[in-house]
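Asks: Sending over a structure as structure tokens; questions will come in a sec.
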């Protein structure tokens with residue numbers, strides 16, 4: 001049996017993050033490109049897709065605290081762990097739902113198509129939530145130091161680079177080009193299977209500390225859970241963080257759905273040309289992430305994060321203007337570099353909130369905390385597609401043509417530029433007001449490490 005830090009060397013930190021890489025690939029394709037797939041290749045109207053996505057978004061928020069509560073209550077099983085089995089259980093359910101989603105027929109009645117889409121999306125989201133809650137809880141409980149959490153997340157960002165690139169490139173290439181629905185379904189299925197394989201491989205390298213879980217107090221019973229939830233929202237730090245992230249997620253979430261329409265129907269870019277910003281962003285983020293680690297250690301999670309989102313805000317404003325392809329490509333790179341701060345820091349700062357809540361309540365429940373945050377935050381992530389679907393429907397979007405009217409083009413510009421910018425800047429202001437500066441962050445970190453002590457063994 002080995003010490004935690006000794007076991008989780010660089011190699012194993014990379015390997016466990018294959019889980020986040022596989023999940024990210026699936027998430028990018030499903031939440032960002034299925035709107036384009038269903039409106040253009042299956043023939044579902046943007047308005048009906050918007051209704052389906054709204055219901056999906058509500059379920060997205062409701063199921064997280066329930067699944068998080070259940071996951072936190074599960075006992076540690078010697079030889080198997082606490083959260084690792086849940087990660088593995090999610091794989092076949094995700095695989096069944098997402099691959100089946102690809103084979104809706106254009107000949108179906110729209111109501112049948114909508115029901116088919118909704119049911120499978122709900123199944124997918126439940127399994128994806130089980131995966132996300134479990135992996136997040138594992139990382140928060142395994143890596144207690146904020147600096148190490150950020151390091152692990154940056155490693156995840158590097159590991160995610162190729163899968164996320166594929167998850168972005170494949171839809172752009174095949175949904176803006178001249179490919180059949182069956183061809184796209186086949187390519188997407190292959191990508192999904194690759195993502196699921198990554199998750200399964202990564203789960204093999206998870207080792208959980210039995211001693212840590214034996215000493216961890218959790219909420220018992222629904223009544224106590226409700227009391228805990230009320231206590232969370234009475235806490236100024238949690239409440240402000242919660243509201244800030246509603247706006248941030250609403251402004252940044254599922255940007256890729258808008259990106260596809262912007263490239264295809266505003267710039268009339270397709271295939272390789274449409275993928276260039278995605279490729280260059282990957283290179284830029286690889287260069288950026290080491291600096292983010294340094295800035296977090298120097299300035300703290302909160303201040304580094306809101307400054308990064310400010311970069312994205314400026315980019316969204318530019319997208320509103322009638323710009324050419326190369327300016328738009330450069331602007332998207334700027335936006336995604338700003339989002340890169342979020343992908344690197346968000347898990348660490350949520351872990352910091354978990355630490356803060358433990359010091360307030362005496363209970364450490366990352367699954368529950370994440371679930372409560374997700375009640376509104378995850379549906380907020382769907383705001384961009386919902387707003388965009390409404391704008392497309394109102395402006396007269398036609399799914400089977402690349403060249404749209406001036407009204408549709410302007411609607412896409414507002415849906416990808418001005419509206420996200422306004423929402424995002426509100427979140428930035430609120431995040432900057434969260435009362436956990438760098439000094440307080442270090443204090444919380446030291447107290448948590450002292451409380452739990454050194455984790456001696458892995459099971």
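The values are calculated or read from the model by the stated rules, or taken from the named source; none is laboratory data. As the structure is a prediction and not an experimental result, all values here were calculated from the model. Heads up, the Cβs are rebuilt from the backbone with ideal geometry, glycines too, and the neighbour counts pull from every protein chain shown.
Asks: Would you confirm whether any residue within region 326-345 is assigned to a helix (DSSP H, G or I) and within 17 Å of residue 445 (Cβ to Cβ)? Explain how you work it out, then say what you get.
Replies: Within region 326-345, the subset assigned to a helix (DSSP H, G or I) is 326-345.
When the remaining residues are screened for being within 17 Å of residue 445 (Cβ to Cβ), the result is 345.
Yes - at least one qualifying residue is present in region 326-345.
Asks: Restricting the search to region 385-404, which residues are surrounded by 13 or more Cβ atoms within 10 Å (Cβ to Cβ) and without any contact (Cβ under 8 Å) to a residue 24 or more places away in the chain?
Replies: Once the filter is applied, which keeps residues that are surrounded by 13 or more Cβ atoms within 10 Å (Cβ to Cβ) and without any contact (Cβ under 8 Å) to a residue 24 or more places away in the chain, region 385-404 yields 394, 395, 398.
Asks: Please note which helices (runs of 4 or more DSSP H) are completely contained in region 387-459 and include at least 3 residues that are out of contact with any strand residue (DSSP E or B) (no Cβ under 7 Å at 6 or more places or on another chain) and either within 30 Å of residue 262 (Cα to Cα) or modelled with pLDDT of 90 or more (or both). Outline the logic, then answer.
Replies: Working: elements: 406-413, 419-432, 438-452.
Here the list reads 406-413, 419-432.
Asks: Looking at region 93-108 only, could you name the residues that are surrounded by fewer than 17 Cβ atoms within 10 Å (Cβ to Cβ) and under 17 Å from residue 135 (Cβ atoms)?
Replies: 93
Asks: Within region 239-258, does at least one residue satisfy the condition of being outside any helix (DSSP H, G or I), closer than 18 Å to residue 431 by Cβ, modelled with pLDDT under 75 and in contact with a helix residue (DSSP H, G or I) (Cβ under 8 Å, 6 or more places away or on another chain)? Spell out how you get there, then give the answer.
Replies: Kept after step one, since they are outside any helix (DSSP H, G or I), are these residues of region 239-258: 253-254.
Next, from what is left, pick out any that are closer than 18 Å to residue 431 by Cβ: 253.
Still in the list and also modelled with pLDDT under 75: 253.
Next, from what is left, pick out any that are in contact with a helix residue (DSSP H, G or I) (Cβ under 8 Å, 6 or more places away or on another chain): 253.
Yes, region 239-258 contains at least one residue that is outside any helix (DSSP H, G or I), closer than 18 Å to residue 431 by Cβ, modelled with pLDDT under 75 and in contact with a helix residue (DSSP H, G or I) (Cβ under 8 Å, 6 or more places away or on another chain).
Asks: Among 195, 190, 167, which is in a helix (DSSP H, G or I), buried (at least 21 other Cβ atoms within 10 Å of the Cβ), at negative phi and modelled with pLDDT of 85 or more?
Replies: Numbers: 190 fails: buried (at least 21 other Cβ atoms within 10 Å of the Cβ); 167 fails: modelled with pLDDT of 85 or more.
Checking each option against the conditions leaves just 195.
Asks: Quick one: how many residues across region 321-354 are over 22 Å from residue 157 (Cβ atoms) and crowded, with 18+ Cβ neighbours inside 10 Å? Can you show your working first?
Replies: The initial filter retains those residues of region 321-354 that are over 22 Å from residue 157 (Cβ atoms), namely 321-328.
Next cut, crowded, with 18+ Cβ neighbours inside 10 Å only: 328.
The total comes to 1.
Asks: Next question, about the same structure. Restricted to region 288-304, and to residues that are in contact with a helix residue (DSSP H, G or I) (Cβ under 8 Å, 6 or more places away or on another chain) and under 18 Å from residue 158 (Cα atoms), which residue is surrounded by the fewest Cβ atoms within 10 Å (Cβ to Cβ)?
Replies: The residue in question is 290.
Results for (1) modelled with pLDDT under 85; (2) surrounded by fewer than 22 Cβ atoms within 10 Å (Cβ to Cβ), shown as yes or no for each residue.
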position	(1), (2)
72	yes, no
75	yes, yes
91	no, yes
110	no, yes
114	no, yes
